[in-house]
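The structure appears below as structure tokens.
The values are calculated or read from the model by the stated rules, or taken from the named source; none is laboratory data. A quick note: this is a predicted structure, and the numbers were derived from the prediction, not measured. Methodologically, a virtual Cβ is constructed for each residue, glycine included, from the backbone with ideal geometry; neighbour enumeration extends over all protein chains shown. Protein only, heavy atoms only, side chains kept; ligands, DNA and RNA dropped before computing areas. Shrake-Rupley method; radii C 1.70, N 1.55, O 1.52, S 1.80 Å.
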Amino acid sequence: MTPADLSRTVLHAVRRAVDEDALRAPVPARVRVERTRPGGSGDYACAVALQLSGPAGLPAWEVAALLRDRVVGAPGIGRVEITGPGFLNFTVDPDSDGAARSLRVRQVLEQRLRYGWGAECAGQVHQLHHRREVRAAVVAGTVMKMLRAQGALGRVTCEEASDPDWARLGVTVDANGRPPVPLAQTRPVPAGATAGELLERLGADATRWGLLRPAGHDRAHLGNDLLVQGEANPLFLVRYAHARARALTREAGRLGLTGAYEQDVDAPALHAALADHPGVLASAARHQAPDRLARHLEAVAHAFFDLQDALPPLPVGDEKPSAAHRSRLALAEAAGTVLAGGLSLLGISAPEHL
């Protein structure tokens with residue numbers, strides 16, 4: 001049961017309550033479900049009852065009770081509680097959760113780089129306008145890629161002629177000049193250097209990571225530590241995790257071992273990171289914040305290395321390949337796929353060897 005699955009389940013409960021005339025309120029386009037914060041109850045929480053209480057003319061707790069009655073017993077949900085003024089708190093069913101993890105791994109491996117793409121922004125049309133500044137150009141182009149991956153249409157415009165060096169950073173500008181109608185601009189804190197200067201010192205991949213990893217209101221860190229090949233460098237960590245996942249697949253092939261998720265693997269951090277990926281992509285697009293995706297990829301990389309250290313995907317010593325190894329390998333391959341897809345959206349290469 002992923003947040004997206006749970007969101008659809010709650011939304012269906014809202015529609016049922018409205019159709020049955022138990023709830024008189026407009027059905028929202030979507031329902032946001034988030035992981036419970038520390039100290040909270042259950043695995044996930046939802047505030048939709050508070051959102052609907054005003055239009056329905058009912059106390060939020062009463063709306064939550066109506067929805068709880070229509071969600072209890074749904075596949076994957078073990079317990080539903082109402083807390084505070086009307087928050088719905090969900091505890092997933094651990095028996096069905098193993099099946100959900102298996103399905104998720106298969107989805108990642110089938111959908112490949114498009115895992116997590118969705119319709120969060122379907123029907124929306126965006127024009128991202130920016131100054132003639134390298135960080136603004138890179139951020140705007142990346143945000144447009146993320147919006148398109150969520151079903152939006154749009155284009156990127158710059159108020160002046162593009163810097164020719166932007167092309168070496170993978171930046172595409174659809175039109176130049178001041179629009180007849182003023183537009184909100186993409187205005188991250190400037191990089192303080194030109195694209196040519198950054199490319200000469202850092203190269204394209206490190207430059208893009210340095211410009212995208214901090215939130216737009218923070219200064220970009222563009223030091224030579226972006227080139228350090230060590231796990232203290234987040235860019236290296238993410239790309240190295242991808243390269244290690246690909247190396248596991250190659251070595252498994254030499255052993256005649258193929259990844260297949262046949263039995264559940266006890267790797268909660270990695271499973272949670274894979275489950276969160278679609279929501280992170282949707283949130284990063286919605287808030288026009290590529291830094292959210294970059295931070296998420298770091299979490300995936302850390303969880304991948306935890307799996308590799310605690311539960312080696314390949315046989316060690318005299319071990320014979322087993323269902324456990326095939327399942328761990330499939331999970332490791334799924335992690336590598338998510339890392340490659342995320343790096344692709346950030347416009348950063350995912351080499352198979354580092």
Using θ = phi - 60° and the Karplus form 6.51 cos²θ - 1.76 cosθ + 1.60, what ³J(HN,Hα) does each residue of the stretch 191-205 get, whole Hz, x for Gly and Pro? 6, x, 7, 8, 4, x, 5, 5, 5, 5, 8, 10, x, 5, 5
Above 15 Å lies some portion of the pair distances; for the stretch 1-56, what is it as a whole percent of all C-alpha pairs? 49 percent
How large is Rg/Rh for the stretch 37-172, to two decimals, with Cα atoms and a Kirkwood Rh? 1.15
Computed over the stretch 63-131: relative contact order in percent, which uses C-alpha pairs under 8 Å that are six or more apart: 19 percent
Per the 1/(1 + (r/R0)^6) rule, R0 = 35 Å and r from the Cβ atoms of ARG155 and ALA310, FRET efficiency to 0.05 is 0.15
If amide H atoms are modeled at 1.01 Å from N in the peptide plane, then the residues at a separation of 5 or more from GLY154, or on another chain, having amide H under 5 Å from its own are HIS126
Report for the chain the percent antiparallel among DSSP-assigned beta bridges with both residues inside it, nearest 5. 55 percent
With DNA, RNA and ligands ignored, accessible area of PHE87 (1.4 Å probe; Å², nearest 10): 80 Å²
For the stretch 36-77, taking Cα atoms only, what is the radius of gyration to one decimal and the Dmax to the nearest whole Å? 11.7, 31
What is the sum of charges around ASP165, taking Lys and Arg as +1, Asp and Glu as -1, for the other residues whose C-beta is under 11 Å from the C-beta of ASP165? -2
List the extent of the Cα atoms of the stretch 161-286 along each of their three principal axes, largest first, rounded to whole Å. 59, 33, 26
Given H placed on each backbone N at 1.01 Å, which residues far from GLU34 in sequence or on other chains put an amide H within less than 5 Å of it? ALA45
What length, rounded to one decimal in nm, is gained on full extension from ALA175 through to ALA247, with 0.36 nm per residue of separation minus their alpha-carbon distance? 21.7 nm
Quick one: divide the alpha-carbon radius of gyration of the stretch 40-115 by 2.2 N^0.38 Å and tell me what you get. 1.37
Calculate, for GLN185 and ARG106, the FRET efficiency according to 1/(1 + (r/R0)^6) with r their C-beta to C-beta distance and R0 45 Å; round to the nearest 0.05. 0.60
Over the stretch 225-307, with every protein chain in place, what whole percent of the accessible area is carbon and sulfur at 1.4 Å, could you tell me? 50 percent
Alpha-carbon centroid distance for the pair the stretch 233-282 / the stretch 301-331, whole angstrom: 10 Å
If I model the stretch 148-220 as equal point scatterers sitting on the Cα atoms and use the Debye formula, what is log10 I(q)/I(0) at q = 0.17, 0.19, 0.21 Å⁻¹? -0.80, -0.98, -1.15
Could you provide, to the nearest whole Å², the per residue accessible area of the chain with probe 1.4 Å? 47 Å²
Leaving ligands, DNA and RNA out of it, rank LEU255, LEU345 by accessible area with a 1.4 Å probe, largest first. LEU255, LEU345
Residues whose modelled amide H sits under 5 Å from the amide H of GLY78, counting only those 5 or more places away in sequence or on another chain, are THR91, VAL92, ASP93
Binning every alpha carbon pair distance of the chain at 10 Å from zero, what are the percents per bin? 5, 22, 26, 24, 16, 6, 0, 0
Give, in nm to one decimal, the length gained when the segment between ARG8 and SER349 is fully stretched (0.36 nm per residue of separation minus the Cα-Cα distance). 119.4 nm
The stretch 14-25 - phi-based ³J(HN,Hα) in whole Hz, Karplus 6.51/-1.76/1.60, Gly and Pro as x: 4, 4, 4, 4, 5, 4, 7, 6, 7, 9, 10, 7
Karplus (6.51, -1.76, 1.60) ³J(HN,Hα), θ = phi - 60°, over the stretch 304-309, in Hz, Gly and Pro reported as x: 4, 5, 4, 4, 4, 6
Compactness relative to 2.2 N^0.38 Å, alpha carbon Rg of the stretch 281-335: 1.54
Fraction of alpha-carbon pairs over 18 Å apart in the stretch 250-313 - percent: 49 percent
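Work the Kirkwood hydrodynamic radius out for the stretch 134-175: mean of 1/r over every pair of different alpha-carbon atoms, inverted, in Å.
In the stretch 134-175 this quantity evaluates to 10.6 Å.
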